[in-house]
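Working notes for the structure below.
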Amino acid sequence: MKIRGLVRDGIHSLGQHKLRTFLSTLGIVFGITAIIAMVSIGEGAKREALALIEQLGKNNIILRSLDLTESQEWEARQFHAGGLRLSDLERIRVRTSNAEEIAPVVKVEAALTNAPKGFNPEILSTTDAYQRILGLTLTKGRFICPEDVERKNLSCCIGWDIFEILGPAGHIGQSIRIEDTAFRIVGILDKRDWSSQANQPIAVRNTNRMILIPLGTERTIQNLPSDESRLSEIVIRLAPGSDIPLTSRLVVDIIHQAHRGAKDFSVIIPQELLNQARKTHALYNAVLGCIAAISLVVGGIGIMNIMLATISERTREIGIRRAIGANQSHIFFQFLCEAVMLTLIGGVLGIAGGVSASVQIAEFIGWKTVVTGWAVYLSLFTSVLVGVCSGTYPAIRAARMDPIEALRFE
C-alpha cells in the first residue's frame, strides 16, 4: 500500500471520531509539552551559567575579603590579618609561576554626587590588569593606565548606564564628583548584556553601572579607611592549560600561611561553579525527564487502548478488506499508521504547548528559557516512537484476524 493512501485512510478514520481522537492524544500532548518546557528551561539555565563563567573568566581565581564580625576582626588582628592586602598579592605573584595577570581591587563605599535617586553605581579602585583579566572593552577613550596608578591621577572609566544617565556631562574629558573629589572621565565601557544573577551561585558585577578609578586614589575620597593596603579582591588569571584546582589550593595555602590560618577571605573558582551548575542542571533534567516519560507512557497506553477499541468496532471492515484482496501486511500498516498519526498530532500540539509554556515561564517566573531546534526534533521523534510502540500490538492483532470470523462479526 502506498503511504499516501495509508495517510488518507488514517485521516478519514480519525476524523470520524474527532473528540475521541483529541482525548486520546492528551497524554502525548502533556508529555511533549513537558519535554519542550524541560529542555528550554535547562538550555536557558545552561546559557546563563556559561555567560556567568564568561564574565568571571574561565581561567580566573577570585579572592574576596570577608566582612568579619567584631570577634572575628579581633581574632584576625591577633594574627596580623584582617582581609586581603597588597602584600598578599605580591606573595601570589612571586610564588605562582602560572599566574599571567593579577589585579588588586578595592570597593569604594562612596556615592556619585548628583546621581539620580536610587541610582547607586559601584565604584572600584584597580589597575590596568583588571581590564585584561575580565576582557573589558571600551566604546570611547582609554582604560586606566599604569601612569594613572603611579601618579595617582584623578581619572576614571564609567559604565554605559552612567554615560547615558549623565548625558553631556558623561562625555570624555568631563568631570564627575565622587563625594567631594572630582574625577576626569577618560574612558567609557562598552554596553554589556546583563540580567539579574539571583539564580546563580554568585553575583556578577554589572559593568554598565561601574566606575573604575586608579588604585590608591580612593584615599583622596572622604570617609575612606586609612588602611591604604587593604584590598576587597584579588583577581588572578592563570595561563591556558593550568591546573586550576591545584593552583587554587596553592594560592589558598599561601594566604593562609601569611594570615596564620585566619578565615578572613573566600575563594571563587568559576570553573568549579560551572561544573557544579552542570551537575545541578543534569539532575534537574533527569527529574523532569522522568516525569515527562511517565506522561508519555500513560499517553501510549491510552493510544493502545483506543486502538484496540477501534479494531473491535471495525472488525467487519477488516474482514471486508481481507475479502477483496488485502493481506495481513496491508491491515498491519493501516492500523499502525493510524496510531502513529494519533501520536504525531499529539506531538505537534505538545510542541505548540511547550513553546507557549516556555514563553509564559520566562515572562511570569523570570527564568530564562531557550527553545532549541533539536528539542523540537526530539519531541517529534519521541511522538512517532510512542506511536510505533503503542500501535504495534493492536496492528498485529488486527492483521491476524480470521477474515471469515471477521465477516461474521456483528
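The values are calculated or read from the model by the stated rules, or taken from the named source; none is laboratory data. Everything quoted here is computed from the prediction, not taken from an experiment. Using ideal geometry, Cβ is built from the backbone for each residue, glycine included, and neighbour counts are taken over all protein chains shown.
Sort out which residues of the range 303-340 are among the β-branched types (Val, Ile, Thr) and surrounded by 15 or more Cβ atoms within 10 Å (Cβ to Cβ), and write them in order of number. Within the range 303-340, ILE303, ILE306, THR310, ILE311, THR315, ILE318, ILE331, VAL340 qualify.
The one condition from (1) crowded, with 19+ Cβ neighbours inside 10 Å; (2) outside any loop (DSSP other than H, G, I, E, B); (3) modelled with pLDDT under 85 that ALA103 does not meet is (3). Listed by first and then second residue, the pairs linking a residue in the range 175-192 that is of a type in the set (Asp, Glu) to a residue that is surrounded by fewer than 17 Cβ atoms within 10 Å (Cβ to Cβ) and at pLDDT 90 or above, with Cβ atoms under 7 Å apart and 6 or more places separating them unless they lie on different chains, are ASP190/THR137; ASP190/LEU138; ASP190/THR139. Against the numbered list (1) part of a helix (DSSP H, G or I); (2) exposed (fewer than 14 other Cβ atoms within 10 Å of the Cβ), LEU273 comes up short only at (2). The criterion of being in a loop (DSSP other than H, G, I, E, B), surrounded by fewer than 16 Cβ atoms within 10 Å (Cβ to Cβ) and not β-branched (Val, Ile, Thr) holds for PHE119. Of the numbered criteria (1) at pLDDT below 85; (2) of a type outside the set (S, T, N, Q); (3) surrounded by fewer than 16 Cβ atoms within 10 Å (Cβ to Cβ), the one LEU68 fails is (3). Looking at LEU288, LEU308, which is the one that is closer than 13 Å to GLY31 by Cα, part of a helix (DSSP H, G or I), touching a residue at least 12 places away in the same chain (Cβ under 8 Å) and assigned by TED's automatic domain parsing to the domain that holds VAL370? Testing whether each residue is closer than 13 Å to GLY31 by Cα, part of a helix (DSSP H, G or I), touching a residue at least 12 places away in the same chain (Cβ under 8 Å) and assigned by TED's automatic domain parsing to the domain that holds VAL370 leaves just LEU288.
Among the residues of the range 118-129, not a single one is among the hydroxyl-bearing types (Ser, Thr, Tyr), modelled with pLDDT of 80 or more and in the same structural domain as ILE294 (by TED's automatic domain parsing).
Give the range 369-392 a look and list any residue that's assigned to a helix (DSSP H, G or I), among the hydroxyl-bearing types (Ser, Thr, Tyr) and either more than 44 Å from the chain's Cα centre (by Cα) or surrounded by 15 or more Cβ atoms within 10 Å (Cβ to Cβ) (or both), or say none. Listed by number, the residues that qualify are SER379, THR382, SER383, SER390, THR392. Pairs meeting the criteria (first residue in the range 32-54 and surrounded by fewer than 19 Cβ atoms within 10 Å (Cβ to Cβ), second residue charged (D, E, K, R) and in a helix (DSSP H, G or I), beta carbons under 8 Å, at least 6 apart or on different chains) are LYS46/ARG278.
Taken together, the residues in the range 230-270 that are assigned to a loop (DSSP other than H, G, I, E, B), over 19 Å from ASN59 (Cα atoms) and of a type in the set (S, T, N, Q) amount to 1. Residues in the range 128-138 that are in contact with a strand residue (DSSP E or B) (Cβ under 6 Å, 6 or more places away or on another chain) and within 11 Å of VAL235 (Cβ to Cβ): ALA129, TYR130, ARG132, ILE133.
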